[in-house]
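Asker: Got a structure for you, questions after.
The values are calculated or read from the model by the stated rules, or taken from the named source; none is laboratory data. In this text, all values refer to a predicted model and were calculated from it rather than measured experimentally. No Cβ is skipped: glycine too gets one built from the backbone with ideal geometry, and neighbour counts run over all protein chains shown. Each accessible area value is taken on the protein alone, full model and side chains, heavy atoms only, with ligands, DNA and RNA left out. Shrake-Rupley method; radii C 1.70, N 1.55, O 1.52, S 1.80 Å.
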Amino acid sequence: MKLKLLFLIFSIFLSCSKKESMRLKNTKIIIAHRGASGYLPEHTLAAKAMAHAMNADFIEQDLVLSKDNIPMVIHDIYLDDVTDVSEIFPDKKRNDGRFYVIDFTFDELKKLAVFERFDPKTGKQIYANRFPKGKGSFRLHSLQEEIELIQGLNKSTGKNSGIYPEIKTPEFHKKEGKNISEIVLQILADYGYKTKKDKCILQCFDAKELKRIRKELTSELFLVQLMEFPEETAQLAYFASYADGIGPWYKQILNKKIHGKWTFTTLVSDAHKLGLQVHPYTFRADQLDDFYSFDELLHTFLIDANVDGVFTDFPDLGVTFLQQFNQ
Ligand code: G3P
Ligand code: CA
């Protein structure tokens, strides 16, 4: 009788802990980095629609202001590594030889063709096996245009993909006399993204600006502090005073391989103790570095290192990985 009771208690314990681990796994998110950028030119509406069709949980928008204060979805403050700007507006380059988004109106930016990312000095595309540079027909677009695409697709498909905007180089914008964060927050609010319950995560590398967004601009959105330097790992408690998560470079989490198994820094567990979610960047199936396969890379971070989500150029592979792991 006692043995039966013990067995029953043990079974209940096993079933609860299994459910708990399933619940934790199911909360992990796949973030489409610049859209489905492994397959289509980054930050094009086509790449965003593809990421949505691939069931990405969140779709990323890097944001830079135009001359007339429209937040454009583009990774750099420059135009010459993803567009034909040097052919269309050859006279608009600055003394440093670069073409700046902020020097062009929205209407001017719409005249540019967008290509797969390339080195502006050589013209050679960065990822050789991706969408061929110069092919297809793509344009730049604003944050508003992208939100309308994603919200429209959410309605027509019944899905609920979130947005994951990044405020790019706030100091540069300030020097140019522009307040990018205020403009972006207003647009997000206009489209219904106001609190942590709304499917929007706002990110920034600039800690001073992200803190200002929380404390001075009183944003109630889910905020993620991006990280890139080793010394920033000592600032986790400070980040937790205004942010809800961190977005580290994935190598900040890796330690070394011992007997074929990766070991990790304490970054993820330290962040979790402070209540911070961890979304490392950037996972690319065509840039595996020290890993044998993309599945090994995803398993190492999503399962072994226990991060809460990943930025990836290949959202379909991330979604499939989590689905298969949860079966
Ligand atoms: O924002 C996180 C991820 O996108 C990595 O940064 O340089 O690609 O904007 P970046
Ligand atoms: Ca980004």
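Asker: Using +1 on the beta carbon of Lys and Arg, -1 on that of Asp and Glu, and nothing else charged, what's the dipole of the range 193-247 about the Cα centre, debye to 20?
Answerer: Working: 9 positive and 9 negative charges, 72 e Å.
Dipole of the range 193-247, to the nearest 20 debye: 340 debye.
Asker: With contacts defined as alpha carbon pairs under 8 Å and 6 or more residues apart, what's the relative contact order of the chain in percent? Write out the running numbers ahead of the final one.
Answerer: On the way: 569 pairs, mean separation 60.3, N = 327.
This gives 18 percent for the chain.
Asker: While we're looking at this one, here's another question. Among the listed pairs Lys28/Lys215; Lys133/Lys215; Lys168/Lys199; Lys92/Lys155, which are separated by more than 31 Å between their Cα atoms?
Answerer: Numbers: Lys28/Lys215 28 Å; Lys133/Lys215 43 Å; Lys168/Lys199 20 Å; Lys92/Lys155 41 Å.
From Lys28/Lys215; Lys133/Lys215; Lys168/Lys199; Lys92/Lys155, over 31 Å: Lys133/Lys215; Lys92/Lys155.
Asker: Given a 10 angstrom Cα cut-off, can you work out which residue in Leu143, Leu302, Leu288 is the most mobile in a GNM of the chain?
Answerer: Greatest mean-square fluctuation among the candidates belongs to Leu288.
Asker: Next question. Across the chain, what fraction of all alpha-carbon pairs, as a whole percent, falls in each successive 20 Å bin from zero upward?
Answerer: 29, 57, 12, 2, 0
Asker: Could you rank Trp249, Trp262 by how accessible they are, 1.4 Å probe, largest area first?
Answerer: Trp249, Trp262
Asker: Within the chain, what whole-number % of the accessible surface is contributed by carbon and sulfur, with the 1.4 Å probe and all protein chains included in the calculation? Working shown, then result.
Answerer: Values: 8870 of 15970 Å².
So the carbon and sulfur contribution to the accessible surface is 56 percent.
Asker: Further question on the same structure: With the crude spin-label approximation of a point 7 Å out along Cα→Cβ, what separation in nm comes out for Ala234 versus Asn179?
Answerer: The answer from the label model is 3.4 nm.
Asker: Still on this structure, I have one more. Just to be sure I understand: with springs between alpha-carbon atoms less than 10 Å apart, which residue in Asp308, Asp206, Asp91 has the highest mean-square fluctuation in the Gaussian network model of the chain?
Answerer: Among Asp308, Asp206, Asp91, the largest GNM mean-square fluctuation belongs to Asp91.
Asker: I'd like to check one number: the per residue accessible area of the chain, probe 1.4 Å, reported in Å² as a whole number. Intermediate results must be reported in sequence, preceding the final value.
Answerer: Numbers: 15970 Å² over 327 residues.
Using a 1.4 Å probe on heavy atoms only, each residue of the chain averages 49 Å².
Asker: Which residue fluctuates the most in the chain, going by a Gaussian network model with Cα springs under 10 Å, if the choices are Gln125, Gln186, Gln225?
Answerer: Gln186
Asker: Same structure again: Tell me, how many Å apart are the Cα centres for the range 63-99 and for the range 109-187?
Answerer: Centre-to-centre distance over Cα atoms comes out at 12 Å.
Asker: Which peptide among 229-241, 72-84, 271-283 comes first, and what is the full order, when sorted by highest mean count of other Cβ atoms within 10 Å? Please list the in-between numbers first.
Answerer: Details: 229-241: 14.4, 72-84: 21.6, 271-283: 19.4.
The most tightly packed comes first, giving 72-84, 271-283, 229-241.
Asker: Give me the number: length gained by fully extending Asp286 to Lys197, i.e. 0.36 nm times residue separation minus the C-alpha to C-alpha distance, one decimal in nm. Could the numbers behind the result be given before it?
Answerer: Numbers: separation 89, 0.36 × 89 = 32.04 nm, distance 3.45 nm.
Stretched fully, the Asp286-Lys197 segment lengthens by 28.6 nm.
Asker: Charges at C-beta only: +1 for Lys and Arg, -1 for Asp and Glu. How large is the resulting dipole of the chain about its Cα centre, in Debye rounded to 20? Let's see the in-between values first.
Answerer: Details: 44 positive and 45 negative charges, 235 e Å.
In debye, rounded to 20, the chain gives about 1120.
Asker: I've got another one for you. Using a Förster distance of 30 Å, how high is the FRET efficiency between Gln144 and His299, based on the Cβ-Cβ distance and rounded to 0.05?
Answerer: 0.20
Asker: When DSSP assigns beta bridges and you keep just the ones with both residues in the chain, what percent turn out antiparallel, to the nearest 5?
Answerer: On the way: 11 of 37 bridges.
If I count the DSSP bridges inside the chain, around 30 percent turn out antiparallel.
Asker: Separate question: In whole angstrom, note down how far apart the Cα centers of the range 253-271 and the range 195-225 are.
Answerer: Using only Cα atoms to place each centre, the spacing works out to 28 Å.
Asker: Let me ask something else. When the helix-only estimate is applied to the chain (DSSP H runs of n ≥ 4, each -39,500 (n - 2.57), divided by the residue count), what is the mean residue ellipticity at 222 nm, nearest 500 deg cm²/dmol? Intermediate results must be reported in sequence, preceding the final value.
Answerer: Values: 12 runs with 112 residues, N = 327.
Computed mean residue ellipticity for the chain: -10000 deg cm²/dmol.
Asker: Could you compute the FRET efficiency for Asp96 and Ser241, with r as their C-beta to C-beta distance and R0 at 51 Å, rounded to 0.05? Write down the numbers at each step before the final one.
Answerer: Working: r = 37 Å, r/R0 = 0.73.
The value I calculate is 0.85.
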